[in-house]
């Protein structure tokens, strides 16, 4: 995954052969880029954010228009998977790493292959440019690292400090937001949550999954035997947060809340009436709202109160 240079968009690569672009502020999906024939292993934005480069197990690199779903061109030449791509600081050069144990350098304007870097004994997993674009650094499956002259292709002496090959542009430029993948979903995590007034709520609920996943989970919870309206309510709240103007989602949220209150009353009615009653009731609040997440309460509205007992 990678953020655009202004932090406004996020691009994610997937084993479903697609690249998705997201609005980093709202989490909304902007578009899906299709064209690779196999797993997309890597994706990166151009420095100006107008185009993207992707690498795939189909042995190709593709350049895409970031403002549309149009493919600009495909770069071919690797004999095995292309595992990683990196762009020079000015975007004029692209370096690709491959399971064929080579790195290739390309001209992004013409698509021409400029040179091949040979020296690794195993699959090359990562490649990155130096900040000035004059050097390339690569790392292979055996954890061997090589520094290269990006212009001539010759090997250089190892640097005093190697770049962090495990890092990518999965943080916004201001360092606040981190994009991570989890079970085929993209999560945005605020790394400054300790600076906010609602730290606990922020830590637990700011990372947001694709709303469609929450909708699926809500449906599954309702269809469970017995139905789990408590869990469904949490997931509908997430969907409502992502779709604030969707009337159907709002209706589902409130309908599920009413059913949750009914379930709560039914469970509370089962509290034993023996000598342990005081102890038992002390463990159960009489207000079902006390068990709801802050996000759920926010979406329900402050005026929302439990249904009165019959």
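A compact table of results
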quantity	calculated
Within region 59-80, tally of residues that are modelled with pLDDT under 95 and buried (at least 18 other Cβ atoms within 10 Å of the Cβ)	1
Enumerated helices (runs of 4 or more DSSP H) restricted to region 156-259, each holding at least 1 residues that are in contact with a strand residue (DSSP E or B) (Cβ under 6 Å, 6 or more places away or on another chain), over 29 Å from residue 143 (Cα atoms) and at pLDDT below 80	211-223
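The values are calculated or read from the model by the stated rules, or taken from the named source; none is laboratory data. What you see is a predicted model, and the numbers here were worked out from it, not measured in a lab. We place every Cβ from the backbone using ideal geometry, glycine too, and count neighbours over all the protein chains shown.
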